[in-house]
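Below is one structure, written out as structure tokens; the observations come after it.
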């Protein structure tokens, strides 16, 4: 008798739910926005100091850290999910 092949076996890697992919995309967009705000728009601005309060910049980084921590805490290695699924059946 032939053994059934495990065709649906996912490649090794991390699994991430769609909602968390969207969160990562949002964080990426926010970082790009911050970068555009900081880049000089003209050559004359290049030599002007950027005035920003340290606490505001710190708060931005803290928010990014918390958002990334939330997403990373939900990630799961594909092998772990597969072994749990086999144990249930």
Check your understanding: So what's segment 29-77 giving for Cα Rg divided by 2.2 N^0.38 Å, two decimals?
Key -> 1.56
**Study point:** Theoretical gain in end-to-end length, residue 22 to residue 64 [0.36 nm per residue, Cα-Cα removed]
**Key:** 13.7 nm
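All of the numbers you see were taken from the coordinates with simple rules; none came from a lab. Note that this is a predicted model, so its numbers are computed, not measured.
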